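Trainee: Have a look at this one before I ask anything.
A short reminder: the numbers here are calculations on the coordinates, not readings from a lab. Remember, it's a predicted structure, so these values are computed and weren't measured experimentally. We place every Cβ from the backbone using ideal geometry, glycine too, and count neighbours over all the protein chains shown.
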Amino acid sequence: MPRSIVDRLVTEAVRHSPVIRGLKSLLFRRIAAAVLAPLLGLLLTCLSFSLVRRISLENYSYRFERDAETRISLIRKTAEDQLSTLESLSRNIQKRPEMGRIDFRRLVAPFLEHPGALQSVAWLPRVPAQARIWQEAWARVIGLADFEISELDTGGRISAKPRPVYFPVFFMEPERTLGQAAELQGPLFFGFDASSEPMNSKAMERAASNQRPEATGPLSSDADVFQVFFPVFETVQTNAPGLRGFVMGRFRTRRLIESALSNTPPMGFNIEVRDADMLTARWTSRTRSASAAKTGGLSFEKNISIAGRNWRMRVEPTLFYRQRHLDRAYLLTLPVGAAMTLLLTLWLLAALRRQETAERLARKMTRALRLSEERWRFAVEGANDGIWD
């Protein structure tokens, strides 16, 4: 018989052999149980981990943005409330044609009982150049000794240079002398012409023109401090010629944030305030935890308008906030998924062994049954032959 025919017969015999087929089926099932099942389980575990982690981070980000926006809204509302109180003071002054130091002190006292961010309040009357000498003499008569309309240069206090109109500090609460003005990190003393500072002058021009409060940017001497000018008119007019002067309020940005958030639970935020890209204040909420370091990546920014100035508020979560509000249950997905994969694999292997045992028993019983059938067939055929003989 040719060699090729023998090989073909052997191949066909192996292919159709139930033993060989059983071995192939057994090998495939063992590979599937020992390799494919763990791979599939680990793949599902990784997908579940990624999905649960993304949901957890999205919930954390949403909560952070909601909390940050709430805090910024509180800061804006607190600033607006404090500005509205000083605006009411300017309206009261507008109703008084004449006002002395005692009158001013009585008007201002309620606003300084709980000052918050407000540091001081001053009255700046409009003094034309021709009335300068009279105004200085009147100030000395009412008790402001050595009163002189002045300004500051690099050498210190000097007499104010000639200009058409002056706006000197005439009344101030709390009262401070030139020597005490350093406590406020900027010039503010009796007789100081606020309009001598270019930043003040621009804010005052806008306030008089728009007939509404206007704020300065942060002071060069202390970026945490800004000033707001409230115009006061002789009568309610639409033009600046009836201008009597300004009520000037001086505020601290950090104290504004602290007073706005004083009644809120500590969240663990870093808050930055910028005015025209200049950092005016940086504030971190006080927490009992030492983990006040900020976590990179996540932040919330929003612009708010304060008396004509555009503030950019930036809020970042600290490690304290992240530890309190980030749900880390997703970290359990990996060990739980790995454990479930291992248990499933072991169960499949055990089930496979039980199936193999059952199949071997079935094959053994089948062979025994066939042998029994053969014996009975031979016996019956022999009996038939004996009968016919």
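Trainee: Using θ = phi - 60° and the Karplus form 6.51 cos²θ - 1.76 cosθ + 1.60, what ³J(HN,Hα) does each residue of the stretch 205-221 get, whole Hz, x for Gly and Pro?
Mentor: In residue order, the calculated couplings are 5, 5, 4, 5, 6, 8, 6, 7, x, 9, 9, 8, x, x, 5, 5, 7 Hz.
Trainee: Using a 10 Å cut-off around each Cβ, can you sort 325, 114 from fewest to most neighbouring Cβ atoms?
Mentor: With the fewest neighbours first, 325, 114 line up as 114, 325.
Trainee: Testing the spin-label approximation: label points 7 Å from Cα along Cα→Cβ at residue 129 and residue 301. State their distance in nm.
Mentor: Here the answer is 4.6 nm between the modelled labels.
Trainee: Fully extended, how many nm does the chain gain between residue 43 and residue 158 (0.36 nm per residue separation, minus their Cα-Cα distance)?
Mentor: 33.5 nm
Trainee: Now, a different point. So for the stretch 86-258, taking the charge dipole from beta-carbon charges (+1 Lys/Arg, -1 Asp/Glu), which of 257, 97, 120 sits furthest toward the positive end?
Mentor: Towards the positive end, the residue furthest out is 97.
Trainee: Quick one: order 199, 365 by neighbouring beta-carbon count within 10 Å, fewest to most.
Mentor: 365, 199
Trainee: For the stretch 318-330, what does the Karplus curve 6.51 cos²θ - 1.76 cosθ + 1.60, with θ = phi - 60°, yield as ³J(HN,Hα) per residue in whole Hz, taken in order and with x for Gly and Pro?
Mentor: Couplings: 8, 4, 4, 5, 4, 5, 7, 10, 8, 6, 9, 4, 5 Hz.
Trainee: A further question follows. For a footprinting-style exposure proxy, rank 102, 158, 304 by other Cβ within 10 Å, fewest first.
Mentor: Going from sparsest to densest Cβ surroundings: 102, 158, 304.
Trainee: Using mean Cβ contacts within 10 Å as the protection proxy, how do 266-274, 343-351, 205-213 order, highest first? It would help to have the intermediate numbers written out before the result.
Mentor: Values: 266-274: 20.9, 343-351: 13.8, 205-213: 16.9.
Result, highest mean first: 266-274, 205-213, 343-351.
Trainee: OK, next. For the pair residue 351 and residue 65, what calculated FRET efficiency results from E = 1/(1 + (r/R0)^6), where r is the Cβ-Cβ distance and R0 = 51 Å, to the nearest 0.05?
Mentor: Efficiency at R0 = 51 Å is approximately 0.55.
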